[in-house]
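Any read-out appearing in this document is the output of simple, stated calculations on the displayed coordinates, not a laboratory observation. Nothing here was measured: the structure is a model prediction, and the numbers come from that model. Cβ coordinates were reconstructed from backbone atoms using ideal geometry, including for glycine residues, and neighbour counts include every protein chain displayed.
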Amino acid sequence: MTMFRADAVDVRYGGVHALKGVSLDIAAGQLVGLIGPNGAGKTTFIDAVTGFTPAGGRVVLDGADLSAQPAHRRARRGLARTWQSGELFDDLTVAENLAVSAQHPSWLAALGQTAGRRPRPDDVVAECLDRLDLGGLADSPAHAISQGQRKLVGVARALAARPRLICLDEPAAGLDTTESAKLGRHLRAVADRGTALLLVDHDMGLVLGICDHVVVLEFGAVIAAGPPAHVRQDPAVLSAYLGADDQSRRAAGR
Amino acid sequence: MPNLLLFALLGLGQGALIAAIALGVVVSYRGSGVINLATGAVAMVSGYAFWALTSGFFGVTCPVPVAFAAALAVALVVGLAVEAVVFAPLRHASPLARLAASLGVLLTLQAGVLLIFGNQPQQEPSVLPAGAVPLLGVTIPVDRFLLAAIVGGITVLLAAGYRWTRFGLATRAAAENEQAALLAGLPTQGIATVNAAVAALVAGLLGILAAPIIQVDSTTLPLQVIPALAAALLAGFSSLTIAATAGVLIGVGQSLLYYLATQSWFPTDNGNALPGMSQVLVFGIIVVALFLRGAGLPTRGEVAERRLPAVPASERLARPALLAAAVAATALVVLPYDFRQALTNSLIGAVIVLSYVVITGYLGQISVMQLALSGTAGFLLARLAGGHVPFPFSVLLAATAATALGVAAGVSALRVRGVSLAVLTLAAALAIEQALFLNTSFGGTSGLGVSSPRLFGLDLGPDGPFRGLDGKQPSPVFGLLVLGVAVAAGLYVAHLRRTVLGRQMLAVRANERAAAAAGVNVRGVKVAAFAISSFIASLAGTLYAYNYASVSSVRFTALAALGLIGFAYVGGITTVSGAVIAGLLSTEALVPHALETWFGIKGTWALLFGGVSLVFTLVGNPDGIAGAHHRRKEAAKYAVRTTVPATGETA
C-alpha cells in the first residue's frame, strides 16, 4: 500500500488553472523528485498538498484523508515541508526552531503547561541537528546564520517533526555545487531511514542523481514520470526544458 | 423630518474635519507607508496656534489673515519636522514600529499643547462668514456648506494632482512598490516628504477652519483620527475621493445620532440617552471596512523590514525576582507615604505593561484594548464588592469575566493582525470608554466606591491599620499585596518565554505560515495569548480599583492606553524587566513623582518625556532600555564564543 497519495489535485488562481488534476503516489522511504520549467506548478503542488492553498482532489496519508484538514493538522499527521526562502523563526535559536516542530500539544494543553516546569530539551532536536551536521549552531539565533545553513536548518526543522513525508521546496537554490552535493547526501540518508521525501529543485544533477523516481510537470499537468534514467531521455521532457516549438512537440508524441 | 435634515447638514462641519484628517492619513500612507496616528494632532496644533495668535495668548494679537497664514505654517513645519526626525529614519522599520512612532508623535504634540495652553478647551474665532441660509424649512449656518465645499475642492484637486501630474505618478509608483520605485531612480524620500507636507497642510487647514464648530481641545481633536481611520480603511488607504466622502458621511452620521438620541424611543441610561453611541458607530464602521476590504492593508514592496526587538529567555528567574521583591517590600515600609503610593502605582503599571509584553512582545500584535479590559474588571469588581462578594472571589470573578470579554474580542479579530489590529482595538478602546465606562448603570466618571479587600478579618486595603514607618496612609500591606501579584505575574510571563507555548508565540510572531507548517495551531496560540494578556490586564484593573478605593473612567481612557503602550516600548516591550521600567515611568509612578517632588517637574512634562523618548527609542534603540542592557550582555558573550571555530561549516 502506498503511504502517501495525491489524487487529482487541482488548483485555480483566479483565471489561471495552476494544477490540472495531478496525481502522485509515494512509498515510505522513497525519494521522489518533482521537476518542471518555471511556472509548471511545483510549488503550488507542495502548497496544495500541505494545506497552504485551497485545492480540489484528495490528499491521503497512511490511509487517512487529509484533504479537509488545515495546514497545522496535516503537519501533525506527518506532512512536513520546507520553504524556498527558509522561513525560519528568526527570533528563536536554531534548537528552538526545531523544538517548535518537535512538540505540538494542543493550545489548551500548552496553556496548561505554562503553569508547570520548563520543558526538557527534546532528544529529537539534538539528533536532527547532528544528522545534518548542525550541532554547533544549536544556540545561535536563527537570524544570525548563513543562507546555506538556513536551508539546512529548514530541513532539520521539518525532520524534527518526525514526519512521514517531507516536501522540500528548492532546498538547493542558492547553494554552491559542494553544498548542494552535501545536501544530496543528507537527503538520501534521510530517505534511507524510512522518511519519504518529495524534492522540488532546479538542480538537475541533484534531482536526477539522488531520486528513486522523478515526476515532470508542465503547465500544471504531469508530462512524464519514471526512474531518473528514463525521464532524462523522455522526448516530452526534453522539449519542455529546451522550449521546442509545437511541431517538434507533436513529433515527440504529444 | 426638518430636524433630521438640520442635524444631517450640521454634521457637515464635523464631517469636513474628519474628511480632511482622513485625506491626510491616506496621503501620508501613500507617500511613505506610515499610518500616521498624529494626523489629528496636527489639526489640533494648528487650531491652537490660530487661537493663540488671534486671542493674544502670546501677548500679540494678529489680524485674522496673518494668524491664519502663521497657523498653517506651524502645521507645515510640524509635519515636515516629524517626517525628517521620526519617519525618515524609520523608513526601513516594521509597519508596527512606525505606527508606534506616530503614536509617540501624537503623545508629544498633545503633551506640548497641554504644557503651553493647559487643558481648558478654547473657543476659536471663525474665519468663515457667519451667516445662515434657510433651506427646506430649516436654517443652516453657511459655514457648514463652505467647509464641505472646501474639503470637496481639496479632494478634487488632490485626486486630479495624483492622477495626472508626474509627481502623482511617482507617488503612486512608490506606494505600489517602493523598492522598484527606488531602483527606477525615483527619490522616494523626497516623495514621502512632499506628501507629508500635503497631509499636514490639509489637516492643519481644517484644524483652523473647523475648530470653531467643535472647540479646540487636546483630547477630542487628536482622537478625530479614529473616525478618519475608519474612512481611510473604507477607502482601502488609496482612494482620496472615497476617504473624503466617507469622512463627511461619518460626521453626518454622528450628528444624526445626536438627533436620534433626543427621541423618546432611543435607549436610555438612568434617564439620559445611551452614551458613546457615536464611538460605537465608528468602531462598527471599522469592523465593516475590515470585513469588506479584507483584513490586510494594501502592502508595499518595502525596501527592507527591521525585525521586532529580540525576546531573550532568562536562565534564572528566582534570584532576580526575590531580590527585586525584597527591595520593593522594604521600600514600601520605609518610604514616606507619597513615595509609597507612587511605588504602588508603579507596580500596578508594571502589571498592566506585562499584559503588553505577552501580546506585543511575544505575539507581535498591538492591542490597545488591554487597558479597557482593566477598566471593565475594575468596574465589575466595584459591582461585585458592592454586592457583598468576598475579597479573593470578587477579584477572580471580575478578572475572569473581563478576560472572557478579551478572549471573545481576540477570537473575533483572529484574522486581523498587525497595523489593522492596532487600529481596530484603538477604536474598540474608545468605544468601550465612551459607551461602557461612561454608562452610569455600569461605570461613570464620578467614581464608583470600592471597599477594601479583607481576608480573615484582616484589612489588606490602602486604609489598613498597619501604616509603615511614617504612620500614614496608604498602608504598606496593600502595597505588599500588589507586589505579590506583580511578582507572580512577572515570574509567570518570564517563565512563559521558556515554555512550549512561549516558543510557539514567538514562532507565530516570526512567521505565521512557517509556524503552521511546523504543526503550530496559529489561531489557538493567539487565543491563548489573548487569554493570558487579558487576565493579567484584568488583575491590574482590580488592583487599580482597590488602590484608589474607587473606579472611574478617567484611568482607563483610550489615550491613557496609548500612553502606556508608549512607556512599554520605552522600557522594553519584550521583557519583564522592561515592564518594570515602564511601570516606574508611567503616570503617577515613582519616576514622575520623584521628578515632581524634587525638581518641581509636573506630570505633563513626564508625558512629554514619554512621547519624545518613545520616538527616540524606536528610532535609535528599538529593544527599549531593558533590551539594550541585554544586548550588551549578549554581545560580550558572543565575542567570546566566536573565537571557537563554528562547527557547522567544517564538515
Task: Residues B:Gln120 and A:Arg193, FRET efficiency given R0 of 56 Å [Cβ-Cβ distance, rounded to 0.05] - done: 0.15
TODO: Please report, in debye to the nearest 20, how large the charge dipole of the protein assembly as shown is about its Cα centre when each Lys and Arg carries +1 at its beta carbon and each Asp and Glu carries -1 there.
DONE: 880
- [ ] Could you let me know the centre-to-centre spacing of the stretch B:110-139 and the stretch A:4-19, using Cα atoms, in angstrom?
- [x] 61
Open item on the list: Using the Cα centre of chain B as origin and beta-carbon charges of +1 (Lys, Arg) and -1 (Asp, Glu), tell me which of B:Ser538, B:Gly620, B:Ala517 is placed farthest towards the positive end of the dipole.
Closed with: B:Ala517
Task: Amide H within-cut-off set for A:Arg81, under 5 Å, with H built and near neighbours excluded - done: A:Cys167
- [ ] Could you work out the relative contact order of the stretch B:2-293, using alpha carbon pairs under 8 angstrom and six or more residues apart, expressed as a whole percent?
- [x] 39
- [ ] Go through A:Gly112, A:Ser140, A:Ala102 and say which Cα lies farthest out towards the positive end of the charge dipole of the stretch A:89-160; charges sit on Cβ, +1 for Lys and Arg, -1 for Asp and Glu.
- [x] A:Gly112
- [ ] Please give the residues of the stretch A:66-88, grouped as numeric ranges, whose backbone N is less than 14 Å from a label point set 7 Å along the Cα-to-Cβ vector of A:Gln147.
- [x] A:84-87
Task: Total charge dipole magnitude, chain B, about the Cα centre, Cβ charges on Lys, Arg, Asp, Glu only, Debye to nearest 20 - done: 1560
- [ ] Taking every pair of Cα atoms in the stretch B:426-481, average 1/r, invert it to obtain the Kirkwood radius, and report Rg/Rh to two decimals.
- [x] 1.21
Task: the stretch A:140-199 - Debye-derived log10 I(q)/I(0), Cα point model, q = 0.17, 0.23, 0.26 Å⁻¹ - done: -0.56, -0.98, -1.17
Task: Ordering of B:530-538, B:76-84 by packing [mean C-beta count within 10 Å, highest first] - done: B:530-538, B:76-84
Task: Cβ crowding within 10 Å averaged over residues, with B:492-502, A:203-213, B:130-140, B:99-109 ranked highest first - done: B:99-109, B:492-502, A:203-213, B:130-140
TODO: List every residue whose amide H lies under 5 Å from the amide H of B:Ser94, counting only residues 5 or more places away in sequence or on a different chain, with H placed 1.01 Å from N in the peptide plane.
DONE: B:Arg306
- [ ] May I ask you to derive the relative contact order of chain B, considering only C-alpha pairs under 8 Å and at least 6 residues apart, and to give it as an integer percent?
- [x] 20
TODO: Kindly state, to the nearest 0.05, the FRET efficiency for B:Ala326 paired with B:Ala180, given R0 = 51 Å and r defined as their beta-carbon distance.
DONE: 0.30
Task: Extreme residue, positive dipole direction of the stretch B:2-293, given options B:Leu114, B:Ile242, B:Val151 (C-beta unit charges) - done: B:Ile242
Task: Inter-site label distance for A:His17 and B:Ser55 at 7 Å from Cα along Cβ, in nm - done: 7.2
Open item on the list: For the stretch B:1-103, what are Rg and Dmax over the alpha carbons, in angstrom?
Closed with: 17.1, 54
Task: the stretch A:82-177 - Rg over Rh from alpha carbon coordinates, Kirkwood radius - done: 0.99
Task: Other-chain or far-sequence residues with amide H under 5 Å of A:Leu217's (modelled H) - done: A:Ile35, A:Gly36, A:Ile223
Task: Rounded if a/c under 1.5, otherwise prolate or oblate - the stretch B:409-523, Cα gyration tensor axes - done: oblate
TODO: Give, as ranges by residue number, the residues of the stretch B:1-22 whose backbone N falls under 18 Å from the point 7 Å along Cα→Cβ of B:Gln263.
DONE: B:1-11
Open item on the list: Testing the spin-label approximation: label points 7 Å from Cα along Cα→Cβ at A:Arg73 and B:Arg316. State their distance in nm.
Closed with: 4.7
Open item on the list: Run the Debye formula on the Cα coordinates of chain A, all scatterers equal and no solvent, and tell me log10 I(q)/I(0) at q = 0.14 1/Å.
Closed with: -0.96
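If you average 1/r over every pair of different alpha-carbon atoms in chain B and take one over that average, what Kirkwood value in Å do you get?
Here the Kirkwood hydrodynamic radius works out to 25.8 Å.
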Open item on the list: Once you place label points 7 Å from the Cα toward the Cβ at B:Phe167 and B:Asn3, how far apart are they in nm?
Closed with: 4.8
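Suppose every Lys and Arg Cβ carries +1 and every Asp and Glu Cβ carries -1, with no other charges. What dipole size does the stretch A:89-160 come out with about its Cα centre, to the nearest 20 debye?
I would put it at about 140 debye.
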- [ ] Only helical DSSP H runs with n ≥ 4 go in: add -39500 (n - 2.57) per run for the protein assembly as shown, normalise by residue count and round the 222 nm mean residue ellipticity to 500 deg cm²/dmol.
- [x] -19000 deg cm²/dmol
Task: Compactness index (Cα Rg / 2.2 N^0.38 Å), the protein assembly as shown - done: 1.05
Open item on the list: Past the 21 angstrom mark, what percentage of all C-alpha to C-alpha distances in the stretch B:84-163 do you count?
Closed with: 65
Open item on the list: Please compute the alpha carbon radius of gyration of the stretch B:145-193, then divide it by the globular-protein estimate 2.2 N^0.38 Å. Two decimals is fine.
Closed with: 1.41
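Any idea what % of Cα-Cα pairs in the stretch B:2-293 are farther than 35 Å?
18
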Open item on the list: Just to confirm my numbers, what's the Cα centroid distance between the stretch A:71-141 and the stretch A:150-170 in Å?
Closed with: 11
- [ ] Treating each Cα of the stretch B:374-437 as an identical point scatterer and ignoring solvent, apply the Debye formula and state log10 I(q)/I(0) at q = 0.24 Å⁻¹.
- [x] -0.98
Task: Kirkwood hydrodynamic radius of the stretch B:318-636, Cα pairs, Å - done: 19.7
TODO: Please report, in Å, the Rg and the Dmax of the stretch A:108-254, where both are computed over Cα atoms only.
DONE: 19.8, 70
Open item on the list: Restricted to Cα positions, what overall size does the stretch B:40-100 have along the principal axes? Three whole-Å values, descending.
Closed with: 44, 16, 15
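Please list, by residue number, every one of the chymotrypsin sites (Phe, Trp or Tyr not before Pro) in the stretch B:43-140 that is coil in DSSP and has at most 15 other beta-carbon atoms within 10 Å.
Loop-located and lightly packed - B:Phe57, B:Phe58.
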Open item on the list: What does the structure give for B:190-198 when I average, per residue, the other chain Cβ atoms found within 10 Å of the residue Cβ?
Closed with: 0
Task: Mean Cα-pair separation over length for chain A, i.e. relative contact order, pairs under 8 Å, 6 or more apart, % - done: 26
